[in-house]
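Worksheet for the structure shown next.
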Amino acid sequence: AIEVAPADPSGYLALAELYLSTGERTAAEETYRRMIAVAPTDPRGYLGLGWVYQVQGREDEALAQFKAAIAVSPASAQAHVQLGDWYRLRGKAERAEEAYQQAVTVAPGDSTGYVALGKLHLSKGNWAAAEEAYQQAIAVAPAEPRGYIGLGQTYEVQGRHDQALSMFRAAVEVAPASAQAHVQLGDWYRLQGDVEKAEEAFQQAIAMGPTDPDGYVNLGQLYQSQGRYDEALAQFQAAVRAAPTFVEAHVRLGDWDQQRGNVETAREVYMQAIAVASRGDMETVLEKLRRWAEASSETEARHLAQELVSGNQSGYIALGKLYQAQGNYTAAERAFRQAIAVAPIDARGYIGLGQLYQAQGRFEEALAQFQAAVDAAPASVKAHIQVGDWYRRQGDFAAAEEAYQRAIAVASSGDSQTILDLLYQWSRARSKIEARQLASELVSGNSSGYIALGELYLSRGDFVAAERAYRQAIAVAPTDAGGHIRLAQMYRVQGQYQQAQAQFQAAVEAAPASSRAWVALGDWYRVRGEWEAAEAAYRQAITVTPGYADGYLALGGLYKAGGDYSAAERMFKSAIEVQPRSVAGYLALGQLYEAQADPARAEEQFRRAVEAAPADPSGYINLARIYQACGQQQRALDLLRAAIAIAPISGSAHVALGDAYLHQADFSPALAEYKKAVALEPNSSGAYRALIQIYQALGQPKQALAWARTAVERNPGSAWAEITLGDLYARQGQAEKALAAYQRAVAKEPGSVEALVALGWAYQIRGFQEKAMAAYQKAVTLQPGSVSAHLALAKGYFGEGRIEAALNEYETAIALNLSAPDSYLALGGFYHARGQHNEALQIYQQALDADAHHVPTILAIGDTLAQLGKITEAIEQYREAAEVNRGLAAPELALGDLYRGLGDFGQAVQAYERGLAAQPGDVGLHVSLALTFLQDSVRPPEEALQQVERALALNPGSAVAYTAKAHILAQGFGRIDEALSLYERAVRIDPRQTEAYRSAINLQEFSVIGAGHRIRHDLDDLIAQYEAIRDANPDQPWVYGMLAYAYEAENDVEESISAFESLLNFIPDYADAHCEVAQLYERTGEKRPALNHWSICAILTPGSQRGANAEGHRDQLNHIAITYPLDGAIVTGEVEIRGTAILPEMDDFQFYKVELGTGKQPTSWSVIGDIHTSPVINGTLAVLDTDDLPAGAYTLRLTVVDQRGNFPPPDQIRITVQH
C-alpha cells in the first residue's frame, strides 16, 4: 500500500494516476476527492476528477469540475485547455476556441494554450490559424518540441513536404531526447516512401525513450508494411514489455496475430489488452473475460460484464471486430457493448455495434447506434458519415446529404449552422464563379465528409456537385490520395480521360507511399491498354508496401489476363502469404484454378477463403458455384443459405441463392431472394437484372418493366440502369424506347464502354451503320484496353464487310486478355460465319486452352462438327460439355436436338431427360421433349401434350411452349382453331416466333382432305382481318409479322417487304425477318437493301448455319459493292470510296470504273479518276475530291466489265456534298 501524507497533494495525484492506469476508476475518483479536500486550491484534483467523469460519460459533472479548476486557479493554462477539450469533444468548436484563447491570455508564456489552439485549427483544416498558433508556441517555448511537431504536421497536410521535414528536424534538434520528435520524423519518411530513414528515426525514438511504446509500435508497423513479419512481431512484443499497461501495444500485437491467421492467439492478446487496464489480478480478469465471451446465456454474460466495466475500450473494440469476422455475432455484440460501457463518450463502440447490427440486417437498431455515436461524440466525423451512409443505403438522399454536411461542419472553423448554410448554397450554386467564392469559405473541414458527399452526388448523376465535393476534399487534405482517386474515377465515367489521368498521377504524387494510389494508376493504364505502364505501377505498389496484398492481386490479375498463369499464381500466393486472413487472395487463386479446369484445387482455395473469413459471403458463393458445376445442387443451396445466415445484408448472396432456386425451377423463392437483394442493395445492377429476368421468364412483362424503371429512378446517375431498361425495351419490341434509353445512358456516363457498345448495337441492327461505327470507335478510343469495345468494333467492321479490319479487332481483343475464352469464341464464330470451319475449330481450341471447362466453346465445337457432318465427333463434344458441368442443361439439349434431327428419338429422349435431371425448370428441354414425342410415331400425342403442359406450368409466358402446343394440337389432334389461337398468342408474347407465323399462315392457306390431299385457300379474308387489327393497333409488332408472311404466301412481294420493314422497326434484332426481307429484295433486284439485311442477319447469328448462309449471300452480292461512304451519307473534302470490284470467275475480270452523276437520278455520268484494270476486295476503289463540286445531291456508280464487254448490274449509292 502507498502511504500518502494527508497534506501532500502530490501523493494523492500519483496514487490516482496509478489507479487510472489499472482501470480502477472508482478508486481514482475517491483519491481525487481526497486530494481536493486536502488541497482545495490546487486545480489538478478538479481536473483529474473531471477527466474520470468524462471517460465515464458523466458529462455535466465533468464540466463542473473543469470550471471549478478554473475558479480556484484562473491562471492555470491546463485548466482552460481541458475545459476547451470538453467543448471540442461535444462539437462546440467556438466555445473550445474561446477556452484555448483564454489559456493563452492567462498564461502567455505557456505553450500549452497555443498548442491546443493549433490542434483545433489543424483538425478543422484552418491551416493559416494553425500555423500562427504553432509559431507562437515555438516563440514562447523554443526548447519544447510540441510547437515544431504541430507546425510540421500543418505543413504536411498542405503538401508542403520540405517545410514539414524542416520542422520535424528542428524538433529533434531542440529536443534530441524526445522520442515523439523522432517518431514524427520517422512518420514523415514513411509517408514519402523512404523506408531506410524511417526505420532509422523510429530506432532513434526507441533509443531516446526505451519506456515509450510509440517508437516500437511505429517501427513494427513499418516492418509489417514491408512484409518483415518476424521483425514486426519483435517490435510489438517490445512495446508491450516497455509499457505493459499500454493498451494500444497489446492491440497492435493482437492485430499482428490476426493478420497472420492466428485467430485464437489474437483473441487472447486482445483480452490481455483489456485485462492490463482492468481492476484486479490479471489472470482473474482474463478468466472472467473468457467466461464472458463464451457465456451460453445473456444473464450470465451480463453478470460477468458488471465485473468488467473497468478497462480500455480499444481492446473490446478489437475483440468485437475479431468475433464479427469469425461470424460470432453474439460475442461481438457483447464486446462492443462493453466498449460503450467502458468509454461512453467514444463513438467507436457505438459505430462498431451499429455496423454489426447492419451486417445482421437489423437496420433500425443500427441507425439507433449510429445516432448514439453522434450524441456521444458530436465532433466525430465518422459518426456523422455512418448516419449518412445508413440513410443513403435506405435511399433517403436528403437525409444522407444533411448527415454528410454535418460531418463537414463539425470539423470546420466557425459556427456549424453557418457552415451548413454555406454548404447548401455551395452544392447548388449555378455558376462556377459562385461555387468558387463559396468554396473559399469552406477550405477547412474534413476530407471524409466531402468524399462521402461526392459519392452521394455522383450516384444521383450530379457530376457538377460531385466534382466540387471531390475538389474540396483535395483542398482540405491535399496529401490524401482518396480525393484525387475519386475525382479521377468520376472523370473516367464522363469520358474526360486527360483529366482522369492527371488526377491518378496526382494521387501518387500526393501519397507516394500509398499502394492504393499506385494500384489505381495501374488500373488506369490497364484500361488504356498500356500494359507495361500498368505492370510498373503495380510493381511500385508492391515496392512501397510489400506487406499488403493489393499490389500482388492487381499484378496477378494482369498476368492472368495476359495468359501467364504461372506468374499469376505466384502473385496470388504472395498476396495470401502477406495477408493470410484476407479472402481476396484465396478467391483470386481459386478462380485461376477454375479457369485452368482444376475444380479440386479451386474448391480447396474457396474453402480456405471461408475459413479465413467465415463472415464474408464471397467464399461461400464461389464454393457453391463449384458444387453447382458438379451437379451437387443441394450442397450449393446449403452453402448459399449459410452465406445469408452469416451475412444477411449481402445482395450478392441473395442473388446467388435466387439463381440456385431458378436453376431448379423453384420460382417463388428465387423471386423472393432477388427482391431481398434489390431492397438491400438498391444500387446493385446484378440484383435488378436478375429480378427483371425472372419476371420476363414468368411471362409478366409489366412487372419486369416496372422494376427496370425503378432501377432508373433509384440510380438516376448510372448508365447501367438505363442500359437495363433499354435491353428490356428491346426484348419487348420497343426499339425506339430502347434506343432512347441507350442514348440517355451515354449522356449520363459518356465514358461508359457498356453504354457506347449498347448504343452502337442498337444503331447497327437498325441499319444505321455510320452511327454504330462512331459509337464503337469512341468506345475503343476512350478505353483501348477494353475487350468488349474491340469486340463491338469487330462486329461493326464485319457489318460493313471489312473482313480484315474485323479480324484485326478480334485479335486485339484476344491479346488484351488471353485468359478470357469469350473473345476466342467470338472470333471462332466469325470464321464459322465465313464458312472457314477448320479455322473456327482451331480458334475454339485456343479458347479451351484458356478455360478448359468453358461450356459455350465446347458446344460451339460440337455445332461446327455437326454442320460438317462429323456426327460422332459432335456427339462426343456435347457429352464432354455435359460432363464438364453437370448442372447445366444446354449440352444435353444440344445432344438431344442432334439425335432428333437424325431421327433417333430414343437417344434424343434420353438426352433431354438427363438435362431435366440437372435443370428441371428448363422450359426448352420440356418443349424439345414434347416435340420429340410428337415426331415419334410410336408415342401417342397425349404424351407430347402432357409434356408441353409441364413447360407452360413452369413458365406461363413462354412463346416457344405455346408454339409447340399449337403444333401438337394441330398435328396430333386436328384442333385447328385452338392451334391458330395459340400461334397468335405466341407471337403476341414474342414477335420473333418465325415457326408460329409460318405455321399459322400455312394452316389457313391449306387444308387436308382424304388421304393427305392438300387444298390451297385464298388468304384475302385473313389479310383483311389482320390489316384491320393493324389499322386499329399500329403499335402491335406481331400483326406486321402475320401480314408479312401472309403477303409472302400470296406472292405480294412489295407488301411483304413493307410489313417486314415495319416489324423490324419494332424488333431490329429479329434475324429471321432480316433474312426473309433480304431474299424478297433480291427478288425485286434491289441489291443495296438486300445487302444491308443480309449483313445484319450475319452479325446477329454468328457461328450458326443461318449466319453462314447470310454471309454467303452477302459475299455473292458484294462482288460489286460500294461499302463506304454509306448510302445517303453527307460528305465533304476528299472522300475515299471503298468497296469490292470482282467477278465470280476472277480470270473473266477486265476492268472496273467508278462514276459520278448529278442528282438522285442522273442522266449523265463522269468517271472518277481512271479506269482500273485490277480487281479490288474490300479496298480503295477511287478518291473523290468534293471541294470543286457544288453542294447538293449526287450518285456514285460502280461498274465491273468482263472480258466480253458484258457487265452485271452496277452498284449505286446516293451522297450529299456539303461545304
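Nothing in this text is a laboratory measurement; each read-out follows from the coordinates by a stated rule. Everything quoted here is computed from the prediction, not taken from an experiment. A quick note on method: Cβ atoms are made from the backbone with ideal geometry, for glycine too, and the neighbour counts reach across all protein chains shown.
A Cβ-based charge dipole, computed about the Cα centre of the chain with Lys and Arg at +1 and Asp and Glu at -1, lands at about 1960 debye. Among the listed pairs Lys702/Lys748; Lys778/Lys1087; Lys321/Lys748; Lys321/Lys675; Lys795/Lys1160, those with a Cα-Cα distance over 28 Å are Lys778/Lys1087; Lys321/Lys748; Lys321/Lys675; Lys795/Lys1160. Straight Cα distances below 28 angstrom link Lys119 to the lysines Lys67, Lys92, Lys197, Lys382, with same-chain residues fewer than 8 positions distant left out. If you average the alpha carbon positions of the range 773-796 and of the range 803-881, how far apart do those two centres end up, in angstrom? Their Cα centres are 21 Å away from one another. Under the rule of -39500 (n - 2.57) per DSSP H run of 4 or more residues, summed and divided by the residues of the chain, what mean residue ellipticity at 222 nm is obtained, to the nearest 500 deg cm²/dmol? That calculation yields -22500 deg cm²/dmol at 222 nm.
Ranking Val960, Leu151, His1219 by Cα position along the charge dipole of the chain, where only Lys, Arg, Asp and Glu carry charges on their C-beta atoms, puts Leu151 farthest toward the positive end.
Normalising the average separation of contacting C-alpha pairs (under 8 angstrom, six or more residues apart) by the number of residues puts the relative contact order of the range 1121-1217 at 37 percent.
Taking only C-alpha pairs under 8 Å that are 6+ residues apart, what is the relative contact order of the chain in percent?
Working: 2284 pairs, mean separation 63.3, N = 1219.
Across the chain, relative contact order equals 5 percent.
In terms of its alpha-carbon gyration tensor, the range 1018-1079 comes out oblate; a/c meets the 1.5 threshold, while b/c is at least as large as a/b. Taking the DSSP bridge list for the chain and keeping only pairs wholly inside it, about 90 percent are antiparallel.
Ordering Met490, Met167 by the number of other Cβ atoms within 10 Å of each residue's own Cβ, fewest first, gives Met490, Met167.
Once the chain from Ala597 to Glu30 is taken as fully extended at 0.36 nm per residue, the excess over their C-alpha distance is 197.1 nm. Is the shape of the range 642-707 best called rounded, prolate or oblate, per the rule: a/c under 1.5 gives rounded, else a/b larger than b/c gives prolate, else oblate, with a ≥ b ≥ c the square roots of the Cα gyration tensor eigenvalues? Cα axes put the range 642-707 in the oblate bin.
Add +1 for every Lys or Arg and -1 for every Asp or Glu among the other residues with Cβ under 14 Å from the Cβ of Thr1163, and state the total.
Working: positive: Lys1160, Arg1197; negative: Glu1155.
Once positives and negatives cancel, what remains is +1.
Descending by average beta-carbon neighbour count within 10 Å, the peptides 1084-1097, 386-399 line up as 1084-1097, 386-399, the highest first. Diffusion of the chain by Stokes-Einstein, at 10 °C in a medium of 1.306 mPa s and with Rh set to the Kirkwood radius over alpha-carbon pairs, works out to 45 µm²/s. Summing +1 for each Lys or Arg and -1 for each Asp or Glu among the other residues whose beta-carbon sits under 12 angstrom from that of Leu458 gives +2.
Close amide H contacts of Thr1123 (hydrogens built in the peptide plane, cut-off under 5 Å, sequence separation of 5 or more or a different chain): Arg1138, Gly1139, Thr1140. With Cα atoms defining each centre, the range 596-647 and the range 559-583 are spaced 19 Å apart in the structure. Taking a Cβ cut-off of under 15 Å around Ala139, the surrounding Lys, Arg, Asp and Glu residues balance to a net charge of -3, with basic ones at +1 and acidic ones at -1.
Convex hull over the Cα atoms of the range 807-926, averaged projected area in nm²?
Values: hull surface 29.6 nm².
If I average the Cα hull's projected area over directions, I get 7.4 nm².
In percent, how large is the relative contact order of the range 818-919, given Cα pairs closer than 8 Å and 6 or more residues apart?
For the range 818-919, the relative contact order is 19 percent.
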